[in-house]
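> Take this structure, written in structure tokens, and hold onto it; I'll ask about it next.
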Amino acid sequence: MSVTLSIWSTKQGEIRRFLHSFYQKDFKNEEFSRRWVGNFYNPMDSIDMISALMDNFENYEVTLYIHMENGYLHKITEGNYDDVIKGLIGIYYLPVECDTGLEVS
């Protein structure tokens, strides 16, 4: 299971600028992109990207979405990103207690 994030912008080069800052490498193919989609097979990597963008939201003219399993996009904002991160941690990293004999090995 992976986490899918997408970044949208109407400003040319803005997605490339953020990705360059985040990954510390050039994204020439993203110069004219209005949308970027990333699949994160390690959910902690998606949390890192959410945190980095929200900590610097005033520096970039982009919008960040998380793709839900039901096909919906959920906008991540300065006001809800903590809850999104807590939800990801709860889904992927917190142990779940179950009845004896139902454990997954």
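The values are calculated or read from the model by the stated rules, or taken from the named source; none is laboratory data. The shown structure was predicted, so the numbers you read here are calculated from the model rather than taken from an experiment. Cβ sites come from the backbone with ideal geometry, for glycine too, and all protein chains shown count toward neighbours.
> Could you check I91 against (1) modelled with pLDDT of 90 or more; (2) not in a strand (DSSP E or B) and say which number it fails?
Result: I91 passes all but (1).
> I would also like to ask the following. Take the residues of the stretch 1-17 that are buried (at least 19 other Cβ atoms within 10 Å of the Cβ) and touching a strand residue (DSSP E or B) at 6+ places or on another chain (Cβ under 8 Å): which is nearest to Y93 (Cα to Cα)?
Checked the stretch 1-17; the qualifying residue nearest to Y93 (Cα to Cα) is V3.
> Within the stretch 25-34, is there a residue that is exposed (fewer than 13 other Cβ atoms within 10 Å of the Cβ), at negative phi, of a type outside the set (A, V, I, L, M, F, W, C) and in contact (Cβ under 8 Å) with a residue 40 or more places away in the chain?
no
> If we scan the stretch 63-80, do we find a residue that is surrounded by 12 or more Cβ atoms within 10 Å (Cβ to Cβ), of a type outside the set (S, T, N, Q) and more than 21 Å from N39 (Cβ to Cβ)?
No, the stretch 63-80 contains no residue that is surrounded by 12 or more Cβ atoms within 10 Å (Cβ to Cβ), of a type outside the set (S, T, N, Q) and more than 21 Å from N39 (Cβ to Cβ).
> Of all residues in the stretch 19-57, which are in contact with a helix residue (DSSP H, G or I) (Cβ under 7 Å, 6 or more places away or on another chain), at pLDDT below 90 and outside any helix (DSSP H, G or I)?
D26, F27, E31, S33
> For the stretch 1-24, which positions are within 25 Å of I85 (Cα to Cα), among the basic types (K, R) and touching a residue at least 40 places away in the same chain (Cβ under 8 Å)?
The answer is R17, and nothing else.
> Please verify whether the stretch 46-56 includes one or more residues that are among the polar types (S, T, N, Q), surrounded by 17 or more Cβ atoms within 10 Å (Cβ to Cβ) and in contact (Cβ under 8 Å) with a residue 12 or more places away in the chain.
Among the residues of the stretch 46-56, at least one is among the polar types (S, T, N, Q), surrounded by 17 or more Cβ atoms within 10 Å (Cβ to Cβ) and in contact (Cβ under 8 Å) with a residue 12 or more places away in the chain, which makes the answer yes.
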